[in-house]
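> Got a structure here, written out as structure tokens. Questions coming.
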Number of protein chains: 2
Amino acid sequence: MAEVAARAGVSTMTVSRALKSDGLVSQETRQRILDVVDELGYVLDLSAGALSSKRTGFVAALVPSINNSNFSDTVRGITESVEVHGLQVLLGYTDYDIEKEERLVRAMLSRRPDGMIVTGGRHTEKARRMLASAGIPVVETWDLPSEPIDNVVGFSNAEAARALVHRLYEKGYRRIAFVGGTTNRDTRGADRGCGYQRAVEELGLPAGRTISFGKPPISMEQGAQAIVHLVERWPDVDAAVCVSDLSAFGAIMECHRRGWAVPGRIAIAGFGDFEISHCSWPRITTVAVDCRAIGAEAGRVVLRAIESARGARSSGSERIVVPFQVIERDST
Amino acid sequence: MAEVAARAGVSTMTVSRALKSDGLVSQETRQRILDVVDELGYVLDLSAGALSSKRTGFVAALVPSINNSNFSDTVRGITESVEVHGLQVLLGYTDYDIEKEERLVRAMLSRRPDGMIVTGGRHTEKARRMLASAGIPVVETWDLPSEPIDNVVGFSNAEAARALVHRLYEKGYRRIAFVGGTTNRDTRGADRGCGYQRAVEELGLPAGRTISFGKPPISMEQGAQAIVHLVERWPDVDAAVCVSDLSAFGAIMECHRRGWAVPGRIAIAGFGDFEISHCSWPRITTVAVDCRAIGAEAGRVVLRAIESARGARSSGSERIVVPFQVIERDST
DNA sequence: CTGTTAGCGCGTTCAA
DNA sequence: TTGAACGCGCTAACAG
């Protein structure tokens, strides 16, 4: 920057101002500086700027997995909403593991992000403490924690699953099961299982028909295996709610292979409204959430908090509940 | 850090040393410092450390899309291989757009990453120049550019598609078509189209049977639409090579809906060995590449270059060709 | 509109 | 094994 300044015949401060859009610099001076910048191929060093200005321009975002279009849509939403304000997303994935999340929280915090977006309301005690005392706005997404750290943008996975079971009941299904992963890791999956449980209990249906299979992310393959176990264990089952569309798809394919009509022999529903749920045959009944909007809202909330608080968190935390929608298709 | 030092009765330099694993500090001093660190909830500021040490500990990685399990597997591979060396991945996605890639390259470079991994060999002239003159190791992946910027870890998409067409020929198919996106954006998709073209020409088959449909990422929906156009335009077609498994799946589902037997009426192959290709029915013939290994290798290469060169790029560039494999399944 | 001074929070380098 | 001085490259704050 000193070299640019020298060649343009100004001080480094003027170069610094010319390089920010809001810098108060005369048009001609700025143009002269930009020409030199271009000529020299100079690239501003933001890490030095961050040290000086105490703003890194980073928003850390933690999701369970990037190989899941629900979460990658949320990341897109976050990115789109913050990048227009000049912020850069620092992405991490936890593999559905809150221990790994804790390590990532620490790693992210040492980069001094201006704000942080995490998935879900369940964290290790240490992670909670670090987030709460980091002095930056925090947004928890994809969940509705009863004791939020700060801001929340999410929905109740339990309520969504419950609504789905009720819809199946209305369609006449009476022996409804749930297929999910081992529940101590994927808390959103576990919440859906709880919602299923509550629904069958309040409807007076046989309860506890839950197949847990493998650790998350539950795959198509696992859905296929689970549906077989399910039918073996409770042969009278007439409907299965799967923790995600991917496992639902795997289950449906396995049913085809075995000549079990879907939904004739057994109805199968998913969760997430992945592309496959409306492209496969039969099209899959599911619960849709606007994943991108979750991200966009989370980005907006964190931006607002960064702008208003600048460390003091004065503006009060937001709690935004996004809607979900049961979408009935051919598989039920 | 000053406060930690004061409380531990040492200088900040000793705290700094205690916080790196390789710092030469006595056991008791270190333990005393770590206790204070824990008590205070102190988190090291890496951005300040980066300024001082001239190493940010970032590896920038640019992929076309995170909502594609091929690329997110590559990102996993990169992350796993560099994080054990204490480096942090700074991820960006280009949406298959080299103009956006150029903007991202600039943005990443202003964070002063220690190395950079990009997808593909095609970039804007400016992006190439920035990457070449950044003074950091660069790895191009998922492609085999004829004029690489620096290091390469990839394979020939054209050769892979060509091999697939040859395999279809051996199975007896003679009127083979290609289904892809509009080709000026997804260069790997375009390369696959070129490989198809070369194969049908050298086999003396009717050539130029290419349906381009929509801009990438090509979706299941687009595959469904494309297959209809294809059959309308060339009713005698007996096989279709799709640019990815997702479009192949969409095409197969559409064939089912219309009562066109796959592979009886038309054989359909994909690319990428996505989970859906072996979970759907019929299982989809495809080309498999070890996406995670591409990422792991790219990470290894960039690490080696960071270690050996420290800016001088003295160690020579690597060019690693990863294998691909045609996997024949039920859809052909 | 522009320049000067000071310092962000660390690690490097040297000396003890 | 530890500490002191210094500076990384930039921007805040103030003065002009």
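Read-outs: derived from the displayed coordinates by stated rules, not from any lab. Since the model is a prediction, treat every value here as computed from it, not as a measurement. Every residue, glycine among them, receives a Cβ derived from its backbone with ideal geometry; neighbour counts consider all protein chains shown.
> Return the subset of A:Lys126/A:Lys215; A:Lys215/B:Lys215; A:Lys215/B:Lys171; B:Lys126/B:Lys215; A:Lys100/B:Lys100 for which the Cα-Cα distance in this structure is over 28 Å, preserving the input order.
Result: A:Lys215/B:Lys215; A:Lys215/B:Lys171; A:Lys100/B:Lys100 exceed 28 Å.
> Kindly give the distances from A:Ser317 to its copy-mates, label point to label point, with each label point 7 Å from Cα along Cα→Cβ, as nm values to one decimal ordered shortest first.
Inter-copy label distances (nm, one decimal, shortest first): 5.1.
> For B:Lys20, which lysines qualify as cross-link partners when the Cα separation must be under 17 Å and same-chain residues fewer than eight apart are set aside?
List returned: B:Lys54.
> So, one more: Measure out, as a whole number of angstrom, how far apart the alpha-carbon centroids of the stretch A:51-71 and the stretch B:128-191 sit.
Going from one Cα centre to the other spans 30 Å.
> So, one more: What does the extension gain come out to for B:Ala2 and B:Val321, with contour length at 0.36 nm per residue minus their alpha carbon separation?
Going from the current span to full extension adds 109.9 nm.
> Next up: Can you compute the radius of gyration and Dmax for the protein assembly as shown, using only the Cα atoms, both in Å?
26.9, 84
> Among A:Gly214, A:Ile276, A:Thr29, whose Cα projects farthest towards the positive end of the dipole of chain A, with charges put on the beta-carbon of Lys, Arg (+1) and Asp, Glu (-1)?
Ranked along the dipole, the leading option is A:Gly214.
> Ranked by Cβ crowding within 10 angstrom, fewest neighbours first, how are B:Lys171, A:Lys54 ordered?
Placing the least packed residue first, the sequence is A:Lys54, B:Lys171.
> While we're here: So the label point sits 7 Å from Cα along the Cα-to-Cβ vector; using that for B:Glu170, what distances do you get to the other copies, in nanometres, sorted shortest first?
Label-point distances to the other copies, shortest first: 5.5 nm.
> Compare B:Ser65, B:Ser219, B:Ser52 in a GNM of chain B, Cα atoms joined below 10 Å, and give the one with the largest fluctuation.
Highest fluctuation of the listed residues: B:Ser52.
> Using a Gaussian network model on chain B with a 10 Å cutoff between Cα atoms, which of B:Thr182, B:Thr286, B:Thr12 fluctuates the most?
B:Thr12
> Just want to confirm a number: the relative contact order over chain B, from Cα pairs under 8 angstrom separated by 6+ residues, in percent.
17 percent
> For an R0 of 60 angstrom, estimate the FRET efficiency from the Cβ-Cβ distance between A:Leu40 and B:Arg258 and round to the nearest 0.05.
0.50
> Here's something else I'd like to know. Counting only DSSP beta bridges with both residues in the protein assembly as shown, what percent are antiparallel, rounded to the nearest 5?
10 percent
> Quote the charge dipole size of the stretch A:2-44 about the Cα centre in Debye, to the nearest 20; the model charges only the Cβ of Lys and Arg (+1) and of Asp and Glu (-1).
140 debye
> So how far, in whole Å, is the C-alpha centre of the stretch B:200-219 from the one of the stretch A:197-258?
Comparing the Cα centres of the stretch B:200-219 and the stretch A:197-258, I get a distance of 40 Å.
> DSSP beta bridges in chain A, what fraction antiparallel, as a percent rounded to 5?
Antiparallel bridges make up about 10 percent of those DSSP assigns within chain A.
> In degrees, nearest 10, range 0 to 90: what is the angle between the Cα axis of helix A:220-233 and the longest Cα principal axis of chain A?
Computed tilt is about 30 degrees.
> Would you work out which of A:Ser156, B:Tyr93, B:Ser156 lies farthest towards the positive end of the dipole of the protein assembly as shown? Charges go on Cβ: Lys and Arg +1, Asp and Glu -1.
B:Tyr93
> Taking a label point 7 Å out from Cα toward Cβ, give me the nm distances from B:Glu201 to the same spot in the other copies, shortest first, one decimal.
From this label point to the equivalent ones elsewhere in the assembly: 6.9 nm.
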